[in-house]
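Colleague: One structure follows; several queries about it will come next.
The values are calculated or read from the model by the stated rules, or taken from the named source; none is laboratory data. Small disclaimer: the values here were computed from a predicted structure and weren't measured. Every residue, glycine among them, receives a Cβ derived from its backbone with ideal geometry; neighbour counts consider all protein chains shown. Each accessible area value is taken on the protein alone, full model and side chains, heavy atoms only, with ligands, DNA and RNA left out. Shrake-Rupley method; radii C 1.70, N 1.55, O 1.52, S 1.80 Å.
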Amino acid sequence: PYTYTVRNTGPEDVVVKVLYCGICHTDIHQAKNHLGASKYPMVPGHEVVGEVVEVGPEVSKHRVGDVVGVGVIVGCCRECRPCKANVEQYCNKRIWSYNDVYTDGRPTQGGFASTIVVDQKFVVPIPADLAPEQAAPLLCAGVTVYSPLKHFGLTAPGLRGGILGLGGVGHMGVKVAKAMGHHVTVISSSSRKRAEAMDELGADAYLV
Ligand SMILES: [Zn+2]
Ligand SMILES: [Zn+2]
């Protein structure tokens, strides 16, 4: 394994002992340099769930012992229009959880590790009634499907929608849309995933 030293705990930093970390396909793309911009040594992982073991003196959102999550963004400028509108993903200075450079000039490293240190702004609480290992994939795949439904006001039950492709994100889309009370059709290139879609995930229809 690769060993490195995490930064000293800053005033707003949360030190998280990693319990679980989802494997998003982007982690595989990054590890194998499919996107052409990988820097090594790299520690992927951006669906991180862990326990808070230390907090900086100005941390107000989290306490030692809390179960928390960290996603794909760990920093932003906080001053531009996207930052002020809480859409930090559009900030020109947003910092990815790994394969990026932090404000101290050091590379960021992700959640396939024992520990991660993250600014409290980018640490979210995980509700006690949610199994931490099941919460992990919500931090990228889950928000990818939840966010647009929420953003475009599509959360009230009774809509009819299609999910194109039943992969890591698609299966999450079925579950989220069903939880909102929608009628969900899975559209796939073969019948291979019909039972998974209908019986395991609760889709209403399956279209090849
Ligand atoms: Zn991802
Ligand atoms: Zn910004």
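Colleague: Can you work out which of the residues in segment 93-116 that are of a type in the set (Val, Ile, Thr) and touching a residue at least 24 places away in the same chain (Cβ under 8 Å) is nearest to Cys76 (Cα to Cα)?
Modeller: Thr103
Colleague: Do we find that Gly158 is without any contact (Cβ under 8 Å) to a residue 60 or more places away in the chain and either assigned to a loop (DSSP other than H, G, I, E, B) or in the same structural domain as Val87 (by TED's automatic domain parsing) (or both) in this structure?
Modeller: So Gly158 passes the test.
Colleague: Condition (residue is open to solvent by 30 Å² or more (accessible area, probe 1.4 Å), not in a helix (DSSP H, G or I) and not charged (D, E, K, R)) applied to segment 139-153: is it met by at least one residue?
Modeller: Yes; the residues of segment 139-153 include at least one that is open to solvent by 30 Å² or more (accessible area, probe 1.4 Å), not in a helix (DSSP H, G or I) and not charged (D, E, K, R).
Colleague: Further, regarding this structure: Quick one: His34 ticks every box in (1) more than 16 Å from ligand 1 (Cβ to nearest atom); (2) open to solvent by 50 Å² or more (accessible area, probe 1.4 Å) bar one, so which box is it?
Modeller: Tallying (1) more than 16 Å from ligand 1 (Cβ to nearest atom); (2) open to solvent by 50 Å² or more (accessible area, probe 1.4 Å), His34 fails exactly one: (1).
Colleague: Name every residue in segment 166-188 that is under 23 Å from the mean Cα position of the chain (by Cα) and either assigned to a loop (DSSP other than H, G, I, E, B) or hydroxyl-bearing (Ser, Thr, Tyr) (or both), in order of residue number.
Modeller: Of everything in segment 166-188, those that are under 23 Å from the mean Cα position of the chain (by Cα) and either assigned to a loop (DSSP other than H, G, I, E, B) or hydroxyl-bearing (Ser, Thr, Tyr) (or both) turn out to be Leu166, Gly167, Met180.
Colleague: Mind telling me which of the residues Gly50, Gly69, Gly45 ends up being away from ligand 1 (no atom under 16 Å from the Cβ) and open to solvent by less than 60 Å² (accessible area, probe 1.4 Å)?
Modeller: Gly50
Colleague: Take the residues in segment 82-99 that are open to solvent by less than 90 Å² (accessible area, probe 1.4 Å) and touching a Pro at 6+ places or on another chain (Cβ under 7 Å), then tell me which one is farthest from ligand 1 (Cβ to nearest atom).
Modeller: Once the filter is applied, the top-ranked residue is Cys91.
Colleague: Yes or no: Val72 more than 16 Å from ligand 2 (Cβ to nearest atom) and among the hydrophobic types (A, V, I, L, M, F, W, C)?
Modeller: Considered against the rule, which asks whether it is more than 16 Å from ligand 2 (Cβ to nearest atom) and among the hydrophobic types (A, V, I, L, M, F, W, C), Val72 comes out as no.
Colleague: For segment 189-203, how many residues are in contact (Cβ under 8 Å) with a residue 24 or more places away in the chain and either within 23 Å of the chain's Cα centre (by Cα) or open to solvent by less than 60 Å² (accessible area, probe 1.4 Å) (or both)?
Modeller: Residues in segment 189-203 being in contact (Cβ under 8 Å) with a residue 24 or more places away in the chain and either within 23 Å of the chain's Cα centre (by Cα) or open to solvent by less than 60 Å² (accessible area, probe 1.4 Å) (or both): 5 in total.
Colleague: Identify all residues within segment 103-129 that are open to solvent by 20 Å² or more (accessible area, probe 1.4 Å), over 12 Å from Gly50 (Cα atoms) and part of a loop (DSSP other than H, G, I, E, B); write none if there are none.
Modeller: Once the filter is applied, which keeps residues that are open to solvent by 20 Å² or more (accessible area, probe 1.4 Å), over 12 Å from Gly50 (Cα atoms) and part of a loop (DSSP other than H, G, I, E, B), segment 103-129 yields Thr103, Asp104, Gly105, Arg106, Gln109, Pro127, Ala128, Asp129.
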